[in-house]
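Remarks on the structure that follows.
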Amino acid sequence: MNLYIGRGTLKIFTKWCLIECGRELATYYCTLYNKEYFYRPKLQAPLWGAHISVIRGETILDPAIKAELEDMSIEFYYRPEMDNNGCHFYLPVIAPLLDDIREEFSLSGTTVPYHLSIGNLRNTND
């Protein structure tokens, strides 16, 4: 299994925590998809750019921990084979540090495997 190394910046909001990975990565994979599958609806980069969700809709209670972790540079590994759920396209991610971050906020492990969101299907009416 080939793994690539990525790096992003941890961003923490009231009920959301993600790693911003930059728009370039999303643009790269969307372009590859759109060239390979030119006959299918086009992919567009996610609104937030390429990102990994760490906390989704769970209240982050400790502002001191937030201040300590905000803007931390995070290294992760990803598999370059795209997967999708029919609308959203992503790359599988391995990053044990993300579980540690969730534990810092007293949250349990993730129920969805971590993934790098790189695109979604463009509305075919635009």
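Checking each residue in the stretch 2-26 for being at pLDDT below 90, of a type in the set (D, E, K, R) and closer than 23 Å to PRO96 by Cα picks out only LYS15.
Every condition in (1) loosely packed, with under 14 Cβ neighbours inside 10 Å; (2) in contact with a strand residue (DSSP E or B) (Cβ under 9 Å, 6 or more places away or on another chain); (3) not aliphatic (A, V, I, L, M) is met by TYR114 except one, and the failing one is (1). Within the stretch 27-55, take every residue that is within 12 Å of the chain's Cα centre (by Cα) and modelled with pLDDT of 85 or more and give me the one that is farthest from VAL93 (Cα to Cα). Per the stated criteria, the residue is ILE55. Counting residues in the stretch 43-53 that are surrounded by 15 or more Cβ atoms within 10 Å (Cβ to Cβ) and at positive phi gives one or more. Out of all the residues in the stretch 73-82, is one or more surrounded by fewer than 18 Cβ atoms within 10 Å (Cβ to Cβ) and over 24 Å from ASN2 (Cα atoms)? No, because not a single residue in the stretch 73-82 is surrounded by fewer than 18 Cβ atoms within 10 Å (Cβ to Cβ) and over 24 Å from ASN2 (Cα atoms). Scanning the stretch 97-106 for residues that are without any contact (Cβ under 8 Å) to a residue 24 or more places away in the chain and surrounded by 13 or more Cβ atoms within 10 Å (Cβ to Cβ) yields LEU97, ASP99.
Condition check ((1) of a type in the set (Ser, Thr, Tyr); (2) in contact with a strand residue (DSSP E or B) (Cβ under 9 Å, 6 or more places away or on another chain); (3) more than 23 Å from MET1 (Cα to Cα); (4) touching a residue at least 12 places away in the same chain (Cβ under 8 Å)) across all residues:
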{"residue": "TYR33", "(1), (2), (3), (4)": "yes, yes, no, yes"}
{"residue": "TYR39", "(1), (2), (3), (4)": "yes, no, yes, no"}
{"residue": "ARG56", "(1), (2), (3), (4)": "no, yes, yes, yes"}
{"residue": "ILE60", "(1), (2), (3), (4)": "no, yes, yes, yes"}
{"residue": "PRO63", "(1), (2), (3), (4)": "no, no, yes, no"}
{"residue": "ALA95", "(1), (2), (3), (4)": "no, yes, no, yes"}
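The values are calculated or read from the model by the stated rules, or taken from the named source; none is laboratory data. Note that the structure is a prediction, hence the values are computed from the model and not measured. All Cβ positions, even for glycine, are placed from backbone atoms using ideal geometry, and neighbour counts span all protein chains on display.
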